[in-house]
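A quick write-up on the structure given underneath.
The values are calculated or read from the model by the stated rules, or taken from the named source; none is laboratory data. Quick caveat, the model's predicted, so the values are computed rather than measured. So basically every Cβ, Gly included, is an ideal-geometry build from the backbone, and we count neighbours across all protein chains shown. SASA here: full protein model, heavy atoms, side chains in, ligands and nucleic acids out. Shrake-Rupley method; radii C 1.70, N 1.55, O 1.52, S 1.80 Å.
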Amino acid sequence: MTIRRIFGRRAAGLAAVLSAGALALSACAGGGAGSTTDAAASGAAGSAEGIKVGIAMPTQTSERWIADGNAVKEGLEKAGYLVDLQYANDDIPTQTQQIDQMITNGAKILVIASIDGTALSSQLDAAGAANIPVVSYDRLIRDNENVDFYVSFDNYKVGVAQAKALLFGLGLTDKDGNKAADAPKGPLNIELFAGSPDDNNAGFFFNGAMDTLKPFIEDGTLVVKSGQTAFDQAATLRWSQEAAQKRMEDILTSTYGGGSEPLAGVLSPFDGISRGIITALQGAGYGPTIADGLPVVTGQDAEIASIKLINDGVQQSTIFKDTRLLAEQAVKTVKAIGSGSEPEANDTETYDNGMKVVPAFLLEVQTILKDNIESDIIGSGYYTADEVAAGVSK
């Protein structure tokens, strides 16, 4: 199925609705030839004027979602769209109500970063019935045919990059994943953390990481001493820092003598989870830095608090997903839909949401270690040197 075929009904419906509205305004105003109302009527489907876009973001508890929401909103408003941006504070009923209200209030396109990718069926059905295209933002919305496009990063590669960072931090490989000449023979004890089970991305992250770590686990170089190797065992509901800290504390107590036995590294899928893990490790007597014996801990999202920890030698790495680029791609996608044309996709095979394969545009990611904070974080303008030093963004 081509993207054009997927979008044909929705884009045509949107164009018809907007054109009809513009024609009605023209008739009421009675403008003559060459008036602004005539221009709107003739070009409504190709103009952002009067098109309302609803943006549903999951939470303001993570700085990245605040940045994402603001960036998409600013990009769309700059292009002339009307924007309704809402945050749901990780509460599913709040997000469903917000999306219902967006539809009621006349949104013509929806951009949704879901809290639970399976909890929006009635909202998506309503959007489909009203010919409102839905762009799934970063997190794939599942189990409904009324998801038209997906913008995200290559989530499987995120997991691969996290595992490669862990292997590099343990001295088993170089930065590119090639076996190190002086690699330790092991066994090295590691533990595994995964993301929220209601976030479709979490499975891609975990699978990418496990496929990369599997050869080292199978040959005995790495040992998951707790035995908790399945996604369901490693999952962290709502990506909670507190839940991650508690689970790490429990593992340390049950498996590592409360911190008296060696633990070499922890695979973490998100910086908030990483900070919870690090708090538990330091509380058990590891560290306080990697140089002092703190286990290698990975991460994701380049949150400023974790960038400071990496710079200070506490957290080993994070995966940088430049949300400025993601927001820019979302804006491009909305602009294409709003003009009745076909959004650009670079993956039309991978992301099956349980009802159909959703066409996607996937962006690349970067691994951040202490030695490339200056070039890739500060140099790109994502954070300033002062922000990195303070661990707080301004």
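Some notes on this structure:
- Put simply, when 110-122, 78-90, 205-217 are sorted by average Cβ atoms within 10 angstrom per residue, most first, you get 110-122, 205-217, 78-90.
- Net charge dipole size for the stretch 241-394 [Lys, Arg +1 and Asp, Glu -1 on Cβ; Debye, nearest 20]: 280 debye
- Gain on full stretching of the segment that runs from THR289 to THR253 - 0.36 nm per residue minus C-alpha separation: 10.9 nm
- Between THR350 and LEU363, the simple spin-label model (points 7 angstrom out along Cα→Cβ) gives 1.5 nm.
- Dipole orientation for the stretch 348-394: of the candidates SER375, MET355, ALA385, MET355 has the Cα lying most toward the positive pole (charges on Cβ; Lys, Arg +1; Asp, Glu -1).
- Cβ-based charge dipole, the chain, positive-most Cα from ALA235, LEU326, THR61: LEU326
- For the stretch 362-382 versus the stretch 103-138, the gap between their alpha-carbon centres in whole angstrom: 33 Å
- Simple point charges give the picture: +1 on the Cβ of Lys and Arg, -1 on the Cβ of Asp and Glu, and for the stretch 50-193 a dipole about the Cα centre of about 380 debye.
- Cut-off under 5 Å, modelled amide H: who pairs with GLU191 long-range: GLY265, VAL266, LEU267
- Dividing the helix sum by the residues of the chain, where each DSSP H run of 4 or more adds -39500 (n - 2.57), gives a mean residue ellipticity at 222 nm of -13500 deg cm²/dmol.
- Amide H partners (placed H, <5 Å) of GLN316, local residues excluded: VAL297
- Interchain or long-range residues, amide H under 5 Å from THR236's placed H: ALA194, GLY195, SER196
- Dipole of the chain computed with +1 at Lys/Arg Cβ and -1 at Asp/Glu Cβ about the Cα centre; of ILE51, PRO269, SER122, farthest Cα towards the positive end is ILE51.
- Pairs exceeding 24 Å between alpha-carbon atoms, taken from LYS52/LYS321; LYS321/LYS356; LYS52/LYS78; LYS321/LYS370: LYS52/LYS321; LYS321/LYS356.
- Only Lys, Arg (+1) and Asp, Glu (-1) charged, at Cβ; the chain dipole about Cα centre in debye: 580 debye
- Whole-Hz Karplus values for the stretch 368-374 come out as 10, 10, 4, 7, 10, 4, 4 Hz, taken residue by residue from phi with 6.51 cos²θ - 1.76 cosθ + 1.60 and θ = phi - 60°; glycine and proline positions read x.
- Each residue of the stretch 161-167 was assigned a 3J(HN,Hα) from its phi angle through the Karplus curve 6.51 cos²θ - 1.76 cosθ + 1.60 (θ = phi - 60°); the sequence is 5, 4, 5, 5, 5, 4, 4 Hz, with glycine and proline shown as x.
- Stretch gain in nm, segment GLN228-GLN282, where the contour uses 0.36 nm per residue and the Cα spacing is subtracted: 17.3 nm
- Taking every DSSP bridge with both residues inside the chain, close to 20 percent are antiparallel.
- Its relative contact order, with pairs defined as Cα atoms under 8 Å and 6+ residues apart, puts the stretch 234-319 at 28 percent.
- Volume of the Cα convex hull of the stretch 247-394, divided per residue and given in Å³: 148 Å³
- For the stretch 54-87 versus the stretch 330-348, the spacing of their alpha-carbon centroids is 18 Å.
- Histogrammed with a bin width of 5 Å, the alpha carbon distances of the stretch 186-325 distribute as 2, 11, 21, 24, 22, 14, 4, 1, 0 percent, first bin at zero.
- Ordered from largest to smallest accessible area (heavy atoms of protein chains, 1.4 Å probe), the residues TRP65, TRP239 come out as TRP239, TRP65.
- Treating r as the C-beta distance of LYS394 and ASN178 and R0 as 45 Å, the FRET efficiency rounds to 0.70.
- Diffusion coefficient, µm² s⁻¹, Stokes-Einstein with Kirkwood Rh over alpha-carbon pairs of the chain at 37 °C and 0.692 mPa s: 147 µm²/s
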